[in-house]
Structure formats: C-alpha cells, structure tokens
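Okay, so here's the structure we're looking at.
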Amino acid sequence: MLKKQAGKKPQERKTNYPDTARGAAALVLRMVLDDGAYTNIALNQYLRGSRLSDLDRRLATELVYGTVKALGTLDWYLEQCVTRPLDKVAPEILCILRMSAYQLLYMERIPASAACNEAVKLTRSVSHEGSAKFVNGVLRGLLRKQAAGELSFPEEAEDDAAGYLSLKYYHPRWLVKRWLGPWGREGTERLLAFDNSAAPVCLRVNTLVTTREQLLRDLAAAGAQVHASAWSADGIVCEKLPSLHALMAALPKHFYIQDESSMLVAPLLAAAPGMRVLDLCSAPGGKTTHIAQLMQNKGEIIACDVHEHKLELIAENAKRLDITCIEPLLNDATVERSEWLGSFDRVLVDAPCSGMGVLRRRAEARWRKQRKDLKLFPPLQLAILEQAAKYVKDGGRMVYSTCTIEQSENHYLVEEFLTKHPEWQRVPFVHPRTGEEVAELQLLPQVDEIDGFYICVLERK
C-alpha cells in the first residue's frame, strides 16, 4: 500500500507547501507515504517549527492521522472516481486527493465546498492549473456519487468477510483474514475497532524526582484531565492535555511518555539497586529508564541498540530524567560478546517484532506490513534470546517481551527456546489487573482494552 516514490526530497519540496493546516497535512503525508517517515515523528517535527494556531495544529493532526489510518478505504473510494490507476497519479496530487476525500467522507463539520476549494488552492501551490482542474473534477465526482448513493461498499460475500471488514475498518485484507481464524468474526471486529480508536497519551512518572500523586496534582493544575493507570503503579492516563510541549517545558524531569502495557515490563525484571543489567534492544529508552528508576539510579545498565542515532535518544532521555546509571552502547544483539558471558544479574530482551498489538498508535504500520514480513521476526527473536541467555548470571533473570499479538513471536517462540534449552523455565508472576498467578502475559486489545503486549519471565532451573 505504501510505496516509496520518486520525487523531491522533503527539504526541497517544503517551500511549495503553504504553512496552513492543509498545507502542513499534505507535506507530512508526503513524508509518511512517499518517504517512509513515521507519522508521529514527521508531524511533531513539522509542528515544532510551525507558526500554526492551536486550531490549525489540531486540524492538521486530524487530517494526517485520519488519512493514514483510512488509507486503503480512501483509495477504494477514489478508484470509483479516477479513470487511471492511482499509482499513475502524481504523489503530491494523490496525497491531496486522499486528504480531501477524508474530509468529504469522514469530517462532517467541514463543509464540502470548503474541502474542495481548499484542495484546489493547495494543488495550485504544489503543481499547476491542469492538476487543480483534475483534483476539482475528482472531488466533485466523489460528491456526486456519494449523493446518488453509488459509494456503498460491495455486499459482503459469504466466503469473503475479510474483504468487507477491510473496507469498513481500514485494515489490509490479508491481515483481517489472518485474524478471523483465531479470533472469529466478533473478536476480529472488536480488534479492528480498537485499532481505530483514539489512543490516549500515557505518562510514566519519574519516581526519582516526584510521586504519581504529586504529578497528578501538577498536571491537573496545568489544565490536564488525567487519572491514575489501573495497570501500572507508575502510569498516568491523560484524557485531555494542554500543549504537551508546554508541559515538557514546565515539568521536564517529571515524566516519560510511555504506553501503559509497555510499563509492565520493567517491574517484572525485578532489578534491585546495585545490580548489573543488560537491555539488549533498548531504544528509545522507555523501559531502560524505568528499570533505572526501580533501581533508584544505583547500579549499572548497559543499553544497546544496533543503530547509532537511536543511542542518542537513549542518552537524551536519560539526561532529561536525571538518570546517570545508563551506558548506551552500539551492539548487534545477535552477535555473541564473550566479555558478557554470565556477567549480568538481569537481562531484558524487548525484541524487535511485527508490532501488531499497537496498530492504533502507529497509523502507518497497518499499511506497511505485509504477510511475508511476519515470517522475518521469529528467527531474529530466537537468535537474540539465545544470545541473551548466555549473559545471565547463575541465579539471574531474563525477561522477554514484544508489542505484538502474533503467537509465533510470543508463546510459540518461547516454547521453541525452552525446547532447545531445557535448563531454562518460565517463572510465574502476578497478573497486574486480576492478581492471579500467570505463566506469561498476553494482552489482547479486543479483550483487555489495552495495547497488545507479551511478557514472559525466564530463569535457569
């Protein structure tokens, strides 16, 4: 669905886009859809340097996330109105068409005339009059077909529920079909709906400088609507936030932005002050800094990543939170380091994964992943886990975690490891909500109403 297309570099094309809500959205969409950028990063980078009003910032944000999320369905609608294949439409024009179709089909508060007129005006800025006429014709045609009732989804075929659900819930057909097997129609619909729901901003309190109770009071005083997480003792869920940048400026050391499910990993590592800890796949440092907090910033944490630029993120986050016990280190987790053998009290493997549990937070991920990609992760995860096991001291502990609901990357991956390494075993722990003892934790969005996540604690027998 998302293809890298030839075109100007982002910095070269930026001057063509007006600093308006729709201009910002169109440019960011080019970065995401054509240049492979992450939606949240590209949007935040643009908004930091923009002079847009708060109202226009909110509109640009809604247009970007909404368009990326509904991409496949928007393309289906546009295919009813464009006589040529969409991949033959110039990338800058296709972005404007997708964004404008999103306004016409899903944003009732925006008058259709305004959406069309602004699209034509924006097209003139980035292209020429011929393109502007083309965009106007497509959008007017879309409106005519909508008014005539000609844009209904095809009737659901008895043997193709996936095709219908794919259009209705904005997910690729192959993924819907994959989920229908284990979860059934009802479970799959709940999962798809969850992915389309708005993800709250979640904060983890930095217990080195404040308490959750005090931070809740500070956030409320700043105009935020917040409540304590029911999943994590360190978590805060934000229903409404003023400017996040303003909060970061006012409380720079007090919190880290982190999903609730992700906050569950560090406590299960049970790292105590003075221990030596290895985090093999640590960027950008959320779980690493959480471990450091639980260790009271006493001890040593080696925080690894295979990409040097990501190590800078770890260092920056540690510095902001006043954490000094973390040492970022460039390292390939699949390659053995003899100097580490049997030398760590605790080892965390927060493995690279398909990310199928967090699609509501990664708008572009559902369209970038392909069925074949899912086969790439288990061999890599097993290789990392086997190396990690070598670094654990006798009597030490290892935690394996992912942010996916794919069992080939979770339960079955751990089963394969334990079969090959019978000297290791699962260690039961307490479920964070129910209080029951579990051998592993698999959070499912459609069941738990939280981002999908997997955690398993391992020790030598």
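Okay, here's what the table says:
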quantity	calculated
Number of the exception - Trp231 against (1) closer than 22 Å to Arg360 by Cβ; (2) touching an Asp or Glu at 6+ places or on another chain (Cβ under 6 Å); (3) without any contact (Cβ under 8 Å) to a residue 60 or more places away in the chain; (4) not polar (S, T, N, Q)	(3)
Test: Arg362 is out of contact with any helix residue (DSSP H, G or I) (no Cβ under 6 Å at 6 or more places or on another chain), crowded, with 21+ Cβ neighbours inside 10 Å, under 30 Å from Cys95 (Cβ atoms) and not small (Gly, Ala, Ser)	no
All positions within the range 427-449 that are touching an Asp or Glu at 6+ places or on another chain (Cβ under 8 Å) and either without any contact (Cβ under 8 Å) to a residue 24 or more places away in the chain or more than 17 Å from Ser262 (Cα to Cα) (or both)	Val427, Pro428, Val430, His431
Output for the range 154-173, where each listed residue is over 21 Å from the mean Cα position of the chain (by Cα) and assigned to a loop (DSSP other than H, G, I, E, B)	Pro154, Glu155, Glu156, Glu158, Asp159
Subset of the range 371-400 [farther than 30 Å from Trp179 by Cβ and among the charged types (D, E, K, R)]	Lys390, Lys393, Asp394, Arg397
Test: residue in the range 315-336 that is among the basic types (Lys, Arg), surrounded by fewer than 23 Cβ atoms within 10 Å (Cβ to Cβ) and over 30 Å from Trp179 (Cα atoms)	yes
Residues of the range 163-210 that turn out to be touching a strand residue (DSSP E or B) at 6+ places or on another chain (Cβ under 7 Å) and either at pLDDT 95 or above or farther than 21 Å from Lys372 by Cα (or both), as a count	7
Qualifying residue in the range 238-252 (condition: surrounded by fewer than 17 Cβ atoms within 10 Å (Cβ to Cβ), more than 18 Å from the chain's Cα centre (by Cα), free of Cβ contacts under 8 Å to residues at least 12 places away in the same chain and under 14 Å from Leu203 (Cβ atoms))	yes
Test result for Arg360, touching a residue at least 60 places away in the same chain (Cβ under 8 Å) and not hydrophobic (A, V, I, L, M, F, W, C)	yes
Matching residues in the range 431-461 - criterion: being touching a helix residue (DSSP H, G or I) at 6+ places or on another chain (Cβ under 9 Å), under 21 Å from Glu406 (Cβ atoms) and part of a strand (DSSP E or B)	Leu441, Gln442, Leu443, Phe453, Tyr454, Ile455, Cys456, Val457, Leu458
Options Glu156, Glu150; residue that is acidic (Asp, Glu) and either surrounded by 13 or more Cβ atoms within 10 Å (Cβ to Cβ) or closer than 30 Å to Met356 by Cβ (or both)	Glu156
Test: residue in the range 123-132 that is outside any helix (DSSP H, G or I) and more than 30 Å from the chain's Cα centre (by Cα)	yes
Selection from the range 28-81 of residues that are touching a residue at least 40 places away in the same chain (Cβ under 8 Å), in contact with a Pro (Cβ under 9 Å, 6 or more places away or on another chain) and acidic (Asp, Glu)	Asp34
Test set (1) of a type in the set (Asp, Glu); (2) under 22 Å from Thr188 (Cβ atoms); (3) part of a helix (DSSP H, G or I) - Glu118 fails condition number	(2)
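The values are calculated or read from the model by the stated rules, or taken from the named source; none is laboratory data. On a predicted model such as this, the values are computed, not experimentally measured, just so you know. Cβ: placed from backbone, ideal geometry, glycine included. Neighbour counts: every protein chain shown.
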